[in-house]
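Contents: one structure, followed by commentary.
The values are calculated or read from the model by the stated rules, or taken from the named source; none is laboratory data. If you're wondering where the values come from, they're calculated on a predicted model, not measured in any experiment. Positions of Cβ are backbone-derived with ideal geometry, glycine not excepted, and every protein chain shown enters the neighbour counts. Please note that ligands, DNA and RNA were not included when accessible areas were found on the heavy atoms of the full protein model with its side chains. Shrake-Rupley method; radii C 1.70, N 1.55, O 1.52, S 1.80 Å.
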Amino acid sequence: AFASGIAVSGIGLGTMLLPRLAVFLIQTYGWRNTYRIYAIAMLAAGVIGVLCVEHSPERRAAARGTGPAAPPLPGATVAGAARTRAFWLLYLASAFSTLGLYVPFVHLAPYAVDHGMTKAFGVILIGLIGVGSLAGRLGLGSTADRMGRRLSLLLTMAGMSVTTAIWLIGPYPVLLAAFALAFGVFYGGFVALMPSVTMDYFGSRSVSAILGALYTGAGIAALFGPTLAGYAFDLTHSYFAAIVGAVAAQGLAALLVMAVPDPQPARAAA
């Protein structure tokens, strides 16, 4: 979990730094050219990163004759994983958690502006989510290896629910900043833990494909969560229903993780 947290910590770092950079670039070059700059930078960084990734250090050593032959990777196939109760509970938990996860990303800054705060402060709030996320990915990932990854995943989802509820208290700058920072910690922990929890349950044989299958639910939820929140705001002229919905979705996700059986029986069944 700690290694996973390190691997995804760049997301938190980007969330912390790049919104501020975007403001500068938009003011200097305009929003359209800023998109072009970001697109080129992401393409370059992505291609270079992929080329540097080592698929399997053990297999490379075996191919060079400097290490023993790599044994077959243990674990379930995608089809085997999909036949388990654990897979579908994790699938639903990831989906419901993500349903509320991106509501602050999309709506927190407009909420702040609607209540008289500056656009710059709205950008700072998103950056604070990144600061908290970076801390959560590194700190909670390391803690999870000691206290148990399934329990830690449950706590991150419950933590996102509880911290999102802070948003309901009202449009106070210090409170919104505290919410963004605390929410980011649990969000970062959630992102760091999902790959390692998946490995615990289903092994490494098809972990990429299984993670991809699990994340389809999260992808659908990421589409609908902020959209439904915006629709609720348009209907009611208030973010109350959207925030309550996010709190409820993340709380339900925590309950679903609580219902996931122990990883060893689940992995054996796969």
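Based on Cα positions only, what radius of gyration and what Dmax would you give for the chain, in angstroms?
20.1, 67
Between Gly170, Gly189, Gly141, which gets the highest mean-square fluctuation from a Gaussian network model of the chain, Cα cutoff 10 Å?
Between Gly170, Gly189, Gly141, it is Gly170 that shows the largest mean-square fluctuation.
Using only the alpha-carbon atoms, what does region 134-251 span along each of its principal axes? Please give whole angstrom values in decreasing order.
49, 29, 20
For region 146-270, with every protein chain kept in place, what is the accessible area per residue (1.4 Å probe, Å²)? Present the calculation step by step, with values, prior to reporting the outcome.
On the way: 5420 Å² over 125 residues.
It amounts to 43 Å² per residue over region 146-270.
Top mean-square fluctuation among Ala135, Ala241, Ala79, Gaussian network model of the chain, C-alpha springs under 10 Å?
Ala79
Give me the percent of the accessible area of the chain that comes from carbon and sulfur atoms, probe 1.4 Å, all protein chains in place.
Details: 9830 of 13700 Å².
Carbon plus sulfur share of accessible area: 72 percent.
By per-residue mean of other Cβ atoms within 10 Å, what is the highest-first order of 120-130, 203-213, 36-46? It would help to have the intermediate numbers written out before the result.
Numbers: 120-130: 19.7, 203-213: 17.1, 36-46: 11.4.
The most tightly packed comes first, giving 120-130, 203-213, 36-46.
Given the options Arg83, Arg32, Arg146, state which has the largest fluctuation in a GNM of the chain using a 10 Å cut-off (strictly under) for Cα springs.
Among Arg83, Arg32, Arg146, the largest mean-square fluctuation in the Gaussian network model of the chain belongs to Arg32.
Compute the angle between helix 85-114 and the longest alpha-carbon principal axis of the chain, please, reported from 0 to 90 degrees and rounded to the nearest 10.
Long axis of 85-114 versus the principal axis of the chain: about 20 degrees.
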